[in-house]
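Input: a single structure, listed below in structure tokens.
Read-outs: derived from the displayed coordinates by stated rules, not from any lab. Bear in mind that the values here come from a model prediction, so they are computed numbers and not experimental data. For neighbour counting, all protein chains shown are included, and Cβ atoms are generated from backbone atoms with ideal geometry for every residue, glycine included.
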Amino acid sequence: MANPTISRPEWSTVIDSVLQKELEQHVLVTSWDKLLNMVDTVYNWGRRSSLWPLGFGLACCAIEMICTASSRFDIARFGAEVFRGSPRQADLMIVSGTVTKTMMPMIARLYDQMPEPKYVISMGACATGGGPFKEGYNVVSGIDKYLPVDVYIPGCPPTPQALLNGLIMLQKKIDGEHITNAPWYRGDVERDIPIPVLGPDLIDLRTVELTAERTALGLAEVREADLPKPSKIPAPQPEAEVVDASGNGAVGAEAAKPPSKIDLIRAKARGETLPAAGSAAPAAAAAPAAAKPAKKGKRALARPSLVWLGDEGLKELAARLDAELGAGTVSIVQAGLLVAPEKLVAVALYLRDKNPIKYDYLASLQSVHYEDCIEINYQFDSTIRPGSLIELRVRTAEAEGQGEVPSLYQVYRGADFQEREVFDMMGVRFTGHPELKRILMWEGYAYYPLRKDFLEPYYEAPAKVFPSRVDEGFGQHFRAEEVNPHGTNLKVPQGFTDWASLSSGSDPKGQPLLPGAIDVQELGTDQFIVSMGPQHPSTHGVFRLNLRVDGETIVGLKPVMGYMHRNHEKIGERNTFLMNFPFTDRLDYLTSMGNNFGYALAVEQLMGEDSRPPERAEYIRIIMAELTRIASHMWSIGFLLNDLGAFFTPALYAIEERELILDLFEWAAGSRMMCNYFRFGGVAFDLPPGWIERCRGVVNDRIDKKIDEFDRYLSQNEIVLDRCKGVGVLTPDQAINYSTAGPVLRASNVAYDIRRAAPYSIYDRFDFDVITGPNGDLYDRYYVRLLEMRESAKILKQAVRDIPDGPILPGKKSYQIKVPAGEAYSRVENPKGELGYYVVADGSGSAYRYHVRSPSFINLTALEPMCLGHTIADVVGILGSLDIVLGEVDR
Amino acid sequence: MLWVAIGILLKILVVVSIALGTVAYLIYVERKVAAYAQDRVGPNRAGKELGIPFGLLQPLADGAKMVLKEDVIPGYVSRPLYMLAPVIAIVAAMIGFAVVPFGPVGPNQIMNFQIAPNINIGILYVFAIGSLAVYGIILAGWASNNKYAFLGALRSSAQLISYEIPLGMSILGMVLIAGSLDLNQIVNWQDRRVWGVVVQPIGFLLFLVSAFAETNRLPFDLPESEQELVGGYHTEYSAMKFGMFFLGEYLHVITVSYLTVLLFFGGWSLPFHLLNQNQIGFLSAVFKVMVLLFKVALMILFIMWVRWTLPRFRYDHLMDLAWKSLIPLSLVNLVATAAIVQLIYSSR
């Protein structure tokens, strides 16, 4: 202990050794150091035994963090179960999940609000270094860029055991601290972290000057100039003039530079020889075609979905629309109806109100950036005759900021958030949309990330595997972020000069835009705005609600999202098809098997009959999907009750059952949560011996009983009834018009279940009921979920009984699959609702466009009408009953 | 006179330190109860180094940490009120103990287990002081300059004021029957006749419900309701200031449990006169204290058990319950009791 600031008595040197020995025998002699050590022991022991974590979860890892508090792992043993909602009372920040730029200012602020001594655990690969989302334009590559981290826990996500180990490591670290050199007692140390700001891009206030300098030099543009750009393909044309070479056109564009090793790898994967040279995409399209004239791009069968209206029906519909709204209104393009923008609203109104099959349900809406246009796609279905899916296409100008399409907001309210998303990601304006603002990124963000010409800060190449990561000899290896002129994770538009406007007070995500006041009382009361989230105990992740309240009555509500936007779609367009499976796991991280299922179906649809899964694989898929449904509903019911104020008890009992299901997943797939188990045409591995018996045991002995238990203790509980009945009512018409899906839609008495409406896989063989609720209130949504678990158990029993032996893949395992050019929209009934995958393939190894229709995101559209007039306590319950998962909301 | 003063001071010292120690352990007990309610183990590591089992040192660790933690006073708070609020919360909870008998009290006893013995309006005093606690919460919410804290304070002021009424009226029946406001007399009456819960079942239920609301415990913990208001009135408080609110809450729980037992479960007496109330002596006094403590412990466990079982009421339901059900019911109960007492009294 050589600390000069502490004056030590020097008597130990004066007294002679004999006397000292004598003294030590009879008197308690200690030195200042020893005394301090004793103080240290007590001081450290107090902190190590009472680490109260901040109740704060970012993404998938947060689920495992909650599981750590459940009965199987029980973090309470270490005295660390007291999760505090307020940072003022917390000692430990567990950064559990992907840190996005949008969220970073909040995290820094929370950290600053925590009192010293405070500790940070970086949980999982994302928090530690960006993890799988590292290349995302909205992802911070590691929390340690901003906060001092005490313990890193690897894993994606780390298991609860790993978190406990991390906690023990932290305790060891605390044991080694000394009161004399604890940094928080030194007055001169400024421990506050400068809060980064959301400017043109996230800016660390410490590096503003450097960034300004580099922006002025235009280094980003210089770097981008010689990067390989992604190629664009032309939009599909009416049947007669289908462009056969479109697949090859895309290939040609990549050959702008001399062929490297990685190009060879890629080209080989596509089964082609590398073209010698080429220039821009359209011009070069002929070159490769000339090089090998025999090869013709394979096209997938044109159909929007596995179950749809059919060619005949579509022609009939087109003829009817032409007759009604004037000739030339629509033309059939690749099994979809191409509509002129000015006629879009009229067509939609006709489809909704007058068509024999009333298309009252806007299933999905997305956009594709083609070479010559931006196409907006609409998938419509009918709740009266489900399974008659049709696709509308609208095309608009390709140039950035030029696109303009009439909004369908007034016809289908479900278009609200989806149109905003297209605006945010593609820059297409929707005329007539009342509130066209960015939804996932922040206002003032300078780019439209899903446009093909957007090169993100970490941009390395149009498709993985990135050449810079392939070891092409010693000394050649570098990572793109190392050569990014703005350092890691930063991109500021050229010509940006307004550096002074960046202050930590500004948060473009937080501008509340609320409708005018509704008069609830004639009393002269003032209203005020409460910003709930993004860190709040009941928002199920980093979701934010701007509430305008009069007393406790809600008079305005705006959801603010994007805090978890981790660029799923952009990354999905650079992954090969197979590489994208683990990313779908992380969409709705409670239902990874279900997400896999939907994605597998979409690509299998493109691949055609070659990839039809064998019988056994189909059964395994159904078993996994239904187990997932039970696990997800268990979680949802438990946490709904938690939101209603029953402190974790129902939730932890629900988690017990979920753990058993996760055990089954782990046994079959190797991972608890992120299973990555499905493959195109089957599943990754066969079930291990004994799995079926164990599964049967879990279903018969545990799950049924647990459902009964929930029913017995919760369904008739006075307070539950009081809190749930008549709260957050969504009428059937509203539910359909707002495009809600899953249990939320069915609780409003609309029997729309994809498993029945458009049976995929082998769901048509099973006997189960589609559960609906009579009133569409909070209670019905709870009860529908409860009954759906029973139905799932029913399906599981049948599937486990009937599962045949046999292969699990149609061919042999392949690491690079061939997907012909084409377009597919597949949908599955995920626990949260209709999960849709829209994939456009250009014949190369990765998707040209990849979009996820996420039920959590679209269900949120209906949050505002459900909440108005209720109280803050109800908002929490209603949000809980929507059962959102932020990984899927923000993607 | 001096000795009396010293005696009282000693008593205060003993009671306060025991109360604070108990409160610390109540938090531990609550965490253990929560663990058992949720099929978990609960804290069991703290103290393992010294061979102390079951994590029994957990409260000490929490205390050591809290005391040594940085005490953040945000820049935007109203400083004097912000500092005052936790003091009020804990002081109001503490001085209510002055008239709570911890054991047999009376002129003949060898020792009065009460700080201020023989005050004949003891119960009025408890309620008078108990209602002061609301100032702590309101001030905390107001001074924090935080919206969640503000909402918490609004809720708690309405809630605590509303529930004062049924709480006060629910015990009046018992007071009428026993003919005294003195807790000692009420216990003695119950010992002679029958436990209060038998003669005043409605009064007991009203008292129990109101007591939950008064102590801000689930299902009535709206002022802090974590899922809605993050931490409610104490959102901005850190370190020991937050700890003081915590202690205040548990002190309230103890007071309320004592009152319930004294008013409705016969205090230190056992049913069927198993324990002779007239017997004076050291052993008997200790035994009576034990009986009382046992009953109080059961009551506290009951309050905790409820917390980990039920969901929370909604604010307007809570108000409905107070004004539309509890208050009319307590009025009816009071009038009916008064009439019956009068009839029996006049018929004698």
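Classify segment A:741-838: rounded, prolate or oblate, from the alpha-carbon gyration tensor (a ≥ b ≥ c, eigenvalue square roots; a/c under 1.5 rounded; otherwise prolate if a/b is larger than b/c)? The partial results should precede the final answer.
On the way: a/c = 3.04, a/b = 1.57, b/c = 1.94.
The shape class here is oblate.
Please report the net charge: other residues with Cβ closer than 12 Å to the Cβ of A:I384, K and R +1, D and E -1.
Values: positive: A:R352, A:K358, A:R385; negative: A:D360, A:D381.
Once positives and negatives cancel, what remains is +1.
Cα atoms only: what Rg and Dmax, in Å, come out for segment A:757-805?
In order Rg, Dmax, the Cα atoms of segment A:757-805 give 13.2, 44 Å.
Report the calculated FRET efficiency for A:E615 and A:L721 (r = Cβ-Cβ distance, R0 = 45 Å), to the nearest 0.05. Walk me through the numbers on the way to the answer.
Details: r = 45 Å, r/R0 = 1.01.
Taking R0 as 45 Å, the efficiency between A:E615 and A:L721 is 0.50.
Which whole number gives the average, over all residues in A:870-879, of C-beta atoms from other chains lying within 10 Å of the residue C-beta? Numbers along the way, then the final one.
Values: counts 2, 5, 8, 13, 4, 1, 5, 4, 0, 0.
Other-chain Cβ atoms within 10 Å of each residue's Cβ, averaged: 4.
For peptide A:720-728, compute the average count of partner chain beta-carbon atoms within 10 Å of each residue's beta-carbon. Please report the intermediate quantities before stating the final value.
Numbers: counts 2, 0, 6, 5, 1, 0, 0, 1, 0.
Across the residues of A:720-728, the mean count of other-chain Cβ atoms within 10 Å is 2.
What spacing in nm lies between the two simple spin-label points modelled at B:L50 and A:I529, each 7 Å away from Cα in the Cβ direction?
Result for the modelled spin labels: 5.3 nm.
Enter the angle in degrees (range 0 to 90, nearest 10) between the Cα long axis of helix A:592-607 and the first principal axis of the Cα atoms of chain A, meaning the one along which they spread out most.
In chain A, helix A:592-607 runs at an angle near 30 degrees to the longest axis.
When chain B is treated as a GNM, springs tying every alpha-carbon pair under 10 Å, which of B:S78, B:S330, B:S269 comes out with the largest mean-square fluctuation?
Its mean-square fluctuation being the largest, the pick is B:S78.
What ranking do A:H26, A:H178, A:H870 get, fewest neighbouring Cβ atoms within 10 angstrom at the top?
Values: A:H26 7, A:H178 14, A:H870 22.
In order of increasing Cβ crowding within 10 Å: A:H26, A:H178, A:H870.
Net charge within 13 Å of A:D663 by Cβ-Cβ distance, Lys/Arg positive one each and Asp/Glu negative one each, not counting A:D663 itself?
On the way: positive: A:R72, A:R658, A:R672, A:R694, A:R702; negative: A:E656, A:E657, A:E659, A:E666.
Neighbour charge sum, excluding A:D663 itself: +1.
Estimate the FRET efficiency between A:Y815 and A:E443 by the formula 1/(1 + (r/R0)^6), using the beta-carbon distance for r and 30 Å for R0, to the nearest 0.05. Kindly include the intermediate steps, with their values, before the conclusion.
On the way: r = 42 Å, r/R0 = 1.41.
Rounded to the nearest 0.05, the efficiency is 0.10.
Work out how much length A:Q798 to A:D767 would gain on full extension: take 0.36 nm times their residue separation and subtract the Cα-Cα distance, in nm to one decimal.
Working: separation 31, 0.36 × 31 = 11.16 nm, distance 0.82 nm.
Stretched fully, the A:Q798-A:D767 segment lengthens by 10.3 nm.
Only four residue types carry charge here, +1 at the Cβ of Lys and Arg and -1 at the Cβ of Asp and Glu. Report the dipole size of the protein assembly as shown about the Cα centre in Debye, rounded to the nearest 20. Please list the in-between numbers first.
Numbers: 117 positive and 132 negative charges, 372 e Å.
Here the size comes out at about 1780 debye.
Over what distance in Å are the Cα centres of segment B:290-348 and segment A:88-147 separated?
Here the answer is 48 Å between Cα centres.
When the gyration tensor of segment B:1-72 is built from Cα positions, what are the square roots of 5 times its three eigenvalues, in whole Å, from largest to smallest?
On the way: eigenvalues 203, 49, 31 Å².
With the √(5λ) rule applied to segment B:1-72, the semi-axes are 32, 16, 12 Å.
Take the alpha-carbon centre of segment B:193-255, take the same for segment A:589-635, and report the distance between them in whole Å.
Each part reduced to its Cα centre gives a spacing of 49 Å.
How compact and how long is the protein assembly as shown, expressed as Rg and Dmax of its alpha-carbon atoms in Å?
34.2, 121
Excluding B:L160 itself, calculate the net charge of residues whose Cβ lies under 15 Å from the Cβ of B:L160, where each Lys or Arg counts +1 and each Asp or Glu counts -1. Could the numbers behind the result be given before it?
Details: positive: B:R155, B:R217; negative: B:E164, B:E214, B:D221, B:E224, B:E249.
Local net charge: -3.
Per residue of the protein assembly as shown, what 222 nm ellipticity follows from adding -39500 (n - 2.57) for every DSSP H run with n ≥ 4, rounded to the nearest 500?
The helix contribution divided over the protein assembly as shown gives -13500 deg cm²/dmol.
Say the dipole of segment A:790-871 comes from +1 at the beta carbon of Lys and Arg and -1 at that of Asp and Glu; which of A:N859, A:L835, A:G845 then lies farthest toward its positive end?
A:G845
Largest first, please: the extent of the C-alpha atoms of segment B:74-346 along each principal axis, to the nearest Å.
Principal-axis extents of segment B:74-346 (Cα, largest first): 60, 41, 32 Å.
Just tell me, in residue order, which DSSP H segments of chain B are both 18 angstrom or longer along the helix axis (alpha-carbon based) and at least -1.0 in mean Kyte-Doolittle hydropathy. Please list the in-between numbers first.
Working: long enough: B:2-37 (50 Å, 1.74); B:79-95 (24 Å, 1.85); B:147-178 (46 Å, 1.09); B:201-214 (19 Å, 1.84); B:239-264 (38 Å, 1.41); B:282-307 (38 Å, 2.13); B:327-347 (30 Å, 1.60).
Length and hydropathy pass: B:2-37, B:79-95, B:147-178, B:201-214, B:239-264, B:282-307, B:327-347.
Could the peptides A:209-220, B:37-48 be put in order, highest first, of the mean number of other beta-carbon atoms found within 10 Å of their residues?
B:37-48, A:209-220
Gain in length, A:V39 to A:A397, computed as 0.36 nm per residue apart minus the alpha-carbon separation, to one decimal in nm? Before the final figure, lay out the partial values.
Values: separation 358, 0.36 × 358 = 128.88 nm, distance 7.18 nm.
The span from A:V39 to A:A397 would gain 121.7 nm if fully extended.
Could you state the angle between the C-alpha long axis of helix A:208-217 and the longest principal axis of the C-alpha atoms of chain A, as a value from 0 to 90 degrees rounded to the nearest 10?
Once rounded, one gets 40 degrees.
Estimate the FRET efficiency between B:F302 and A:H178 by the formula 1/(1 + (r/R0)^6), using the beta-carbon distance for r and 45 Å for R0, to the nearest 0.05.
Values: r = 46 Å, r/R0 = 1.01.
That pair, B:F302 with A:H178, gives E of 0.50.
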